[in-house]
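Take a look at the structure set out below.
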Amino acid sequence: MENVPAQFAELWSITLEVWNSGFGGYSVGDALIALGIFLFFYLLRGLFSRFIFSVVDRWVKNTPNHWDDKLHAALAEPLRFVFVIIGVFFALDYLDLGGTAAVVASNVLRSLIAIAIFWGIHNALTPISDLLRELERVLTEEMLDWLVTGAKWGVIAIGAATVLQIWGVQVAPIIAGLGLFGVAVALGAQDLFKNLIGGLSILVEKRFRKGDWILVDTVVEGTVEHIGFRSTMVRRFDKAPVFVPNQKLSDAAVTNFSDMTYRRIFWKIGVEYRTSLDQLKEIRDKIEAYLREHEAFVGPAEAPLFVRIDAFGASSIDILLYTFTHTTVWGEWLELKEELAFKVKEIVEGAGTGFAFPSQSLYVEKWPEGRPEPFVPPSDAKGEGQSEAPRAN
């Protein structure tokens, strides 16, 4: 028991030794203080976001344009990250590291700064691209999207190369090695490059754009939602997404219904054979007059308009109706077709005739020999030619 104070003194001495040099040769107390400094700036980050950003939010909302709102939202996270960098800087400065630790700490700090810079540039490309929408007169929206996406990947690549350079990794030999690796990959990724070139041809030829209704026979029909580097997403009318490789869309015949100038109505109207010549002329003239007078249908000066007696069908006299509507919207076009159908029915029935339906007539040239005699019922007693009523047995 007499040695207990001495043992406690020894334990305290060991504790102080660990406290002063237990963290890579640096004091644990200094490490905790450095951590406290970092946490202080991290908490300051939250205060900055709450107060300073709220002022900036109100300011950008009062401006007449919207691109500064998007720029502020894009740069918000990189700006918050700056406080992390400041916290790391002051924490490392307090530790006053030396030797290899100082080199590593310096590289970490430089890497964080590079990440913040390229992160901000990457995020700012999207709102900045809104200022380039005027170029849509020359370039389509899809081509601008491709340029922005390519620029973002370029920023990521440059940022990664910058961080590697900070850590002493030479990028040039890596690129040279990737060149040989790329040749090997290209041999096995020919379809990827074909689809990439197919996507470029779609954009250059302006075959279709986002929002267009397209039809590719035996492949897909629907609305284009996104044109990517490898594939294009087409939303079918049942809302199912279809991802079509760009190569198929560049090589196949694509019908773009959204680029129609007018929309066609082509009917064959069959009326009964008992329809007279005057009735046929009346039907033809009234349908043509209706189409010429209705502002929804295109006049003959701009597009073909025909209402003509076309053919003598198997069971009807066929009237050809060929016209175009100004609207190309499917729903509006269907409404006009319905209205026209009602009018045609009114005209045909008003002319005193009707629509034909498939029918057949059977003519017997000669009755076969040995057929049974026809039964002629006997006349009544008064000779009025009426048959007797059947009697019960």
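The values are calculated or read from the model by the stated rules, or taken from the named source; none is laboratory data. All figures in this text were calculated on a predicted structure; none of them were measured in a lab. Here the Cβ is made from the backbone with ideal geometry for all residues, glycine too, and neighbour counts use every protein chain on show. Accessible surface areas use protein heavy atoms only, side chains included; no ligands, DNA or RNA. Shrake-Rupley method; radii C 1.70, N 1.55, O 1.52, S 1.80 Å.
Structure data summary
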| item | result |
| --- | --- |
| Percentage of interatomic Cα-Cα distances in the range 237-295 larger than 12 Å | 82 percent |
| Residues whose placed amide H lies under 5 Å from that of HIS226, excluding near-sequence neighbours | MET233 |
| Accessible area (Å², 1.4 Å probe, nearest 10) - PHE81 | 40 Å² |
| Highest average packing first - 227-233, 237-243, Cβ atoms within 10 Å | 227-233, 237-243 |
| In sequence order, calculated HN-Hα J values of the range 238-249 (Karplus, 6.51, -1.76, 1.60; Hz; x Gly/Pro) | 8, 6, 7, x, 10, 9, 9, x, 4, 4, 5, 6 |
